[in-house]
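Participant: Starting off with a structure, shown below.
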Amino acid sequence: MSEVDIKALVKPGASEVHRDVFLSQSVFEQEMKTVFRRTWVYVGHDSQVPKKGDFTTTTIGTQPVIMVRHSDNTIQVLLNRCPHKGVQLVNDPSGSTGRFFRCPYHAWSFKTDGSPLGIPFKKGYEDTGFDKSCAKKGMCNLKNVKNYRGFVFVRLSEEGESFEEFFSGSLSSIDNMIDRSPEGRLEIVGAPLRYLHHCNWKMLVDNQTDTCHPMIAHESSAGTVKKIWEAAAGEDTSKPMSKPMPKPMVVELVLPFMSSYETFEKMGIRTWDHGHGHTGVSWSIHSEYSDVEGYFISMVEAYGGERAEEIIAETRHNTCYFPNMMVKGAIQTLRLFKPIAADKTIVESWIFKLVGAPDTFLKRTAMYNRIINAPTSIVGHDDLEMYERAQEGLKVDANPWVNMQRHYRADELGGERVHPGTSEVQMRNHYVSWAKYMSAGDEV
Amino acid sequence: MSISEQDVIDFIYAEANLLDEHKFEDWLELFADDGVYWMPLEFGQTEEHLTTSLMYEDKLLLTVRVERLKGERTFSQRPKSRCHHILQRPQILNPQILKKGKEIKTKTAFHYTESRLDEQFFLVGWAEHILRPTGDGLQIVRKQVNLINPESAHRNIQLFV
């Protein structure tokens with residue numbers, strides 16, 4: 001492996017990060033061999049494969065994988081290539097393979113745990129040494145798979161932190177999203193939005209906890225909603241005392257983007273080890289959605305009054321799970337920043353149904369997803385423009401550094417910590433971990 | 001008021017022409033107050049609200065889009081995008097109701113091109129209109145845009161198909 005000098009790319013505490021982190025294809029290739037192998041990467045939700053033989057396809061970094069429900073009902077994750085010639089066994093985003101995978105090229109077949117089932121006209125392999133080949137073993141079945149309350153993660157590398165050690169307290173954000181269902185169960189609904197960005201995947205990760213951009217970059221979208229709504233409502237909605245017209249759901253979802261710096265500052269940021277963290281500790285832009293009739297009662301019946309209130313009051317904003325996932329529990333969305341190349345990323349945005357909760361939640365979630373995350377979203381247009389201008393602007397040789405010093409303190413990280421809401425601490429937290437996984441040990 | 005088949009066809013061609021000439025405010029006026037513009041995310045999708053769509057916009061949201069396109073601080077429109085529609089002759093799906101003054105359903109195949117800076121992309125599919133005859137002519141009650149590849153990883157789609 002051509003070693004990249006990580007120390008030259010990330011300053012102490014990640015207060016500044018070199019442009020090659022975003023621009024260099026050799027850095028990207030090293031990420032694929034280190035960051036995306038050594039960490040627990042999300043591959044899917046088990047509600048996507050409800051029946052035996054159901055599968056979905058995705059990537060871990062750039063490695064194509066299949067998540068499949070095996071005949072013993074466990075979730076298996078297999079590398080998506082035939083051990084014979086390398087042909088992908090399936091290429092639909094999802095489907096059912098029945099009891100086995102059958103390669104469309106030469107009809108080699110494999111059980112849904114990847115073990116070999118049959119090879120046509122097999123006697124041609126006698127006395128060829130085939131028994132000792134990789135091909136004989138079947139499809140590669142990944143050993144380190146964790147199904148955490150329906151969320152399936154994989155660590156490609158044999159060695160590394162356990163799932164619990166890697167995520168520690170950050171799992172509380174996934175827990176909160178699940179607990180919002182009176183039945184404690186989520187289901188993926190529909191296909192994901194897929195949005196092609198010509199920028200580095202980490203620019204999108206940085207953006208998730210960047211609380212100094214919404215009121216600026218989204219002035220064109222959220223600001224226009226605010227202006228038109230105020231004109232339509234015939235009043236100044238910045239004065240909360242007079243509300244003659246109920247806010248449409250869409251206005252309720254978009255207006256908080258125009259909150260002030262002071263509001264975002266008070267929102268707070270929490271960080272955990274290994275690069276995870278979230279915005280919205282004490283309040284978030286998701287905190288003031290209208291109540292949905294019948295929901296609170298069903299939550300009290302499920303959890304008791306005190307616990308139900310606690311679950312509903314926890315309205316975290318964006319939780320970033322290192323390396324490339326973001327979860328919004330309060331609006332039940334999950335985004336994946338899938339790396340394609342140093343300057344190419346596909347963003348997938350998924351929604352969940354809170355099983356047992358009124359449909360209004362799903363309606364709100366679906367609306368949020370299309371308004372904010374779609375390639376047709378005006379909010380998305382604002383952000384993409386910034387990422388791609390940065391990808392171009394970083395080509396300027398005179399200054400190779402991306403600055404992340406806002407609220408920087410040398411001793412700010414370690415364990416679970418809370419910080420001011422406009423701090424760039426979660427970006428730094430990401431790059432401190434990124435540098436660690438990029439440089440630690442030998443190739444795995 | 002009697003609407004002929006030719007009136008309907010002319011209306012749909014004129015609608016696309018307003019978009020191609022960037023007369024977005026005039027285009028917006030074609031929509032009824034309860035009008036909706038819908039672009040599903042999945043091929044053959046029938047659910048409007050309880051799953052993700054690419055767009056499902058009432059007149060408020062369409063107005064926001066049109067306003068935003070004009071904005072001084074709309075950086076993704078610096079420089080501006082351009083678009084172009086090639087339409088097949090619209091089909092009227094319920095021609096028997098033309099003389100009855102009821103809502104008219106049409107289907108129109110399109111090739112749509114959008115460009116900005118050095119990028120240009122194509123979207124292909126068909127639009128289904130529901131048009132309401134009024135004293136002032138036709139209004140769009142619903143425009144449903146069906147792409148042949150709604151699930152693809154798209155770049156920014158900033159104007160209107």
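Participant: Working only within the range A:386-417, note down all residues that are within 14 Å of chain B (Cβ to nearest Cβ) and without any contact (Cβ under 8 Å) to a residue 12 or more places away in the chain. Full working, then the answer.
Facilitator: So in the range A:386-417, the residues within 14 Å of chain B (Cβ to nearest Cβ) come out as A:386-393.
If the condition is that a residue be within 14 Å of chain B (Cβ to nearest Cβ) and without any contact (Cβ under 8 Å) to a residue 12 or more places away in the chain, then A:Arg389, A:Glu392, A:Gly393 are the ones that fit.
Participant: Anything in the range B:124-161 that is under 15 Å from the mean Cα position of the chain (by Cα), β-branched (Val, Ile, Thr) and outside any strand (DSSP E or B)? List them, or say none.
Facilitator: Answer for the range B:124-161, where residues must be under 15 Å from the mean Cα position of the chain (by Cα), β-branched (Val, Ile, Thr) and outside any strand (DSSP E or B): B:Ile157, B:Val161.
Participant: (1) open to solvent by 50 Å² or more (accessible area, probe 1.4 Å); (2) within 14 Å of chain A (Cβ to nearest Cβ); (3) at negative phi; (4) modelled with pLDDT of 95 or more: which one isn't true of B:Arg89, the others all being true?
Facilitator: In the conditions (1) open to solvent by 50 Å² or more (accessible area, probe 1.4 Å); (2) within 14 Å of chain A (Cβ to nearest Cβ); (3) at negative phi; (4) modelled with pLDDT of 95 or more, B:Arg89 misses (2) alone.
Participant: Would you tally the residues in the range A:71-113 being of a type in the set (Asp, Glu) and surrounded by fewer than 14 Cβ atoms within 10 Å (Cβ to Cβ)?
Facilitator: Qualifying residue count for the region: 2.
Participant: Is there any pair with a first residue in the range A:247-264 that is within 14 Å of chain B (Cβ to nearest Cβ) and a second that is assigned to a helix (DSSP H, G or I) and aromatic (Phe, Trp, Tyr) whose Cβ atoms are under 6 Å apart and which are 6 or more apart or on different chains, and what are they?
Facilitator: Going by the 6 Å Cβ cut-off, the qualifying pairs are A:Val251/A:Trp229; A:Leu253/A:Tyr368.
Participant: Cβ-Cβ below 9 Å, separation at least six or inter-chain, first residue in the range A:193-210 and under 12 Å from B:Asn156 (Cβ atoms), second among the small types (Gly, Ala, Ser): which pairs?
Facilitator: A:Tyr195/A:Ser349; A:Tyr195/A:Ala374; A:Tyr195/A:Ser377; A:Tyr195/A:Gly380; A:Tyr195/B:Ala153; A:Leu196/B:Ser152; A:Leu196/B:Ala153
Participant: Further question on the same structure: Need at least 3 residues that are aromatic (Phe, Trp, Tyr) per element, so show me which strands (runs of 3 or more DSSP E) inside the range B:1-91 make the cut, counting only ones lying wholly within it. Lay out the reasoning, then the answer.
Facilitator: On the way: elements: B:31-40, B:53-57, B:82-87.
Fully inside the range B:1-91 and qualifying: B:31-40.
Participant: Looking at (1) within 12 Å of the chain's Cα centre (by Cα); (2) farther than 17 Å from B:Glu48 by Cα, which one does A:Trp350 not meet, given that it meets all the others?
Facilitator: It is condition (2) that A:Trp350 fails.
Participant: Kindly indicate whether A:Glu235 is modelled with pLDDT of 95 or more, among the charged types (D, E, K, R), surrounded by fewer than 17 Cβ atoms within 10 Å (Cβ to Cβ) and farther than 30 Å from B:Phe43 by Cα.
Facilitator: Answer is no for this residue.
Participant: Taking the condition hydroxyl-bearing (Ser, Thr, Tyr), more than 14 Å from every other protein chain (Cβ to nearest Cβ) and open to solvent by 20 Å² or more (accessible area, probe 1.4 Å), does A:Ser284 pass?
Facilitator: On the way: hydroxyl-bearing (Ser, Thr, Tyr): yes; more than 14 Å from every other protein chain (Cβ to nearest Cβ): yes; open to solvent by 20 Å² or more (accessible area, probe 1.4 Å): no.
Spelling it out, it is not the case that A:Ser284 is hydroxyl-bearing (Ser, Thr, Tyr), more than 14 Å from every other protein chain (Cβ to nearest Cβ) and open to solvent by 20 Å² or more (accessible area, probe 1.4 Å).
Participant: Please verify whether A:Pro358 is within 17 Å of the chain's Cα centre (by Cα) and either more than 27 Å from A:Gly421 (Cα to Cα) or open to solvent by 10 Å² or more (accessible area, probe 1.4 Å) (or both), treating the condition exactly as stated.
Facilitator: Details: within 17 Å of the chain's Cα centre (by Cα): no; either more than 27 Å from A:Gly421 (Cα to Cα) or open to solvent by 10 Å² or more (accessible area, probe 1.4 Å) (or both): yes.
Here the answer is no, as A:Pro358 does not meet what is asked.
Participant: Here's another thing I want to ask about it. Suppose we filter the range B:119-157 for residues that are within 11 Å of chain A (Cβ to nearest Cβ) and either among the aromatic types (Phe, Trp, Tyr) or open to solvent by 10 Å² or more (accessible area, probe 1.4 Å) (or both); how many remain? I'd like the intermediate steps shown before the answer.
Facilitator: Initial filter on the range B:119-157 (within 11 Å of chain A (Cβ to nearest Cβ)): B:119, B:121, B:123, B:145, B:147, B:149-157.
Now narrow it down to the ones that are either among the aromatic types (Phe, Trp, Tyr) or open to solvent by 10 Å² or more (accessible area, probe 1.4 Å) (or both): B:119, B:121, B:149, B:151-156.
Counting residues in the range B:119-157 that are within 11 Å of chain A (Cβ to nearest Cβ) and either among the aromatic types (Phe, Trp, Tyr) or open to solvent by 10 Å² or more (accessible area, probe 1.4 Å) (or both) gives 9.
Participant: Any chance you could count how many residues in the range A:205-219 are within 11 Å of another protein chain (Cβ to nearest Cβ) and either in contact with a His (Cβ under 8 Å, 6 or more places away or on another chain) or open to solvent by 30 Å² or more (accessible area, probe 1.4 Å) (or both)?
Facilitator: Result for the range A:205-219: 2.
Participant: Just to verify a result, which residue in the range A:187-204, among those that are of a type in the set (A, V, I, L, M) and open to solvent by less than 10 Å² (accessible area, probe 1.4 Å), is farthest from the other protein chains (Cβ to nearest Cβ)?
Facilitator: At the first step, the residues of the range A:187-204 found to be of a type in the set (A, V, I, L, M) are A:188-189, A:191, A:193, A:196, A:203-204.
Subset that is open to solvent by less than 10 Å² (accessible area, probe 1.4 Å): A:193, A:204.
On the way: A:Leu193: 6, A:Leu204: 14 Å.
Once the filter is applied, the top-ranked residue is A:Leu204.
Participant: Hey, another quick one. If B:Leu54 satisfies every condition in (1) in contact with a helix residue (DSSP H, G or I) (Cβ under 7 Å, 6 or more places away or on another chain); (2) more than 21 Å from B:His154 (Cβ to Cβ); (3) among the hydrophobic types (A, V, I, L, M, F, W, C) but one, which is the exception?
Facilitator: It is condition (2) that B:Leu54 fails.
Participant: Right, A:Ala135: within 14 Å of chain B (Cβ to nearest Cβ) and modelled with pLDDT of 95 or more or not?
Facilitator: Working: within 14 Å of chain B (Cβ to nearest Cβ): no; modelled with pLDDT of 95 or more: yes.
So A:Ala135 fails the test.
Participant: If we scan the range B:17-40, do we find a residue that is at the interface with chain A (Cβ under 8 Å from one of its Cβ atoms), at negative phi and either open to solvent by less than 10 Å² (accessible area, probe 1.4 Å) or touching a residue at least 40 places away in the same chain (Cβ under 8 Å) (or both)? Before the answer, list the steps.
Facilitator: Restricting attention to the range B:17-40, the residues satisfying the condition of being at the interface with chain A (Cβ under 8 Å from one of its Cβ atoms) are B:39.
Checking the rest, the ones that are also at negative phi come to B:39.
Add one more test, that the residue is either open to solvent by less than 10 Å² (accessible area, probe 1.4 Å) or touching a residue at least 40 places away in the same chain (Cβ under 8 Å) (or both), and what stays is B:39.
There is at least one residue in the range B:17-40 that is at the interface with chain A (Cβ under 8 Å from one of its Cβ atoms), at negative phi and either open to solvent by less than 10 Å² (accessible area, probe 1.4 Å) or touching a residue at least 40 places away in the same chain (Cβ under 8 Å) (or both).
Participant: Among the residues of the range A:1-11, are any at pLDDT below 95 and among the acidic types (Asp, Glu)?
Facilitator: yes
Participant: Given the conditions (1) touching a strand residue (DSSP E or B) at 6+ places or on another chain (Cβ under 8 Å); (2) open to solvent by 60 Å² or more (accessible area, probe 1.4 Å), and given that A:Thr345 satisfies all but one, which numbered condition is not satisfied?
Facilitator: Only one criterion in (1) touching a strand residue (DSSP E or B) at 6+ places or on another chain (Cβ under 8 Å); (2) open to solvent by 60 Å² or more (accessible area, probe 1.4 Å) is unmet by A:Thr345, namely (2).
Participant: Still on this structure, please answer the following. Quick test for you: out of A:Ala302, A:Ala330, pick the one residue that is touching a residue at least 12 places away in the same chain (Cβ under 8 Å), touching a Ser or Thr at 6+ places or on another chain (Cβ under 8 Å), farther than 30 Å from A:Leu394 by Cβ and of a type in the set (Gly, Ala, Ser). Please lay out each step first, then the result.
Facilitator: On the way: A:Ala302 fails: touching a Ser or Thr at 6+ places or on another chain (Cβ under 8 Å).
So the residue among A:Ala302, A:Ala330 that is touching a residue at least 12 places away in the same chain (Cβ under 8 Å), touching a Ser or Thr at 6+ places or on another chain (Cβ under 8 Å), farther than 30 Å from A:Leu394 by Cβ and of a type in the set (Gly, Ala, Ser) is A:Ala330.
Participant: Working only within the range A:173-186, note down all residues that are crowded, with 19+ Cβ neighbours inside 10 Å and either in contact (Cβ under 8 Å) with a residue 60 or more places away in the chain or assigned to a strand (DSSP E or B) (or both).
Facilitator: We begin by selecting, within the range A:173-186, every residue crowded, with 19+ Cβ neighbours inside 10 Å; these are A:173-174, A:176-182, A:186.
Scanning the range A:173-186 gives A:Ser173, A:Ile174, A:Asn176, A:Met177, A:Asp179, A:Arg180, A:Ser181, A:Pro182, A:Leu186.
The values are calculated or read from the model by the stated rules, or taken from the named source; none is laboratory data. All of these numbers come straight from a predicted model, not from anything done at the bench. Quick reminder, even Gly has a Cβ in these numbers, built from the backbone with ideal geometry, and neighbours come from all protein chains shown. Note: areas computed on protein heavy atoms with side chains; ligands, DNA, RNA excluded. Shrake-Rupley method; radii C 1.70, N 1.55, O 1.52, S 1.80 Å.
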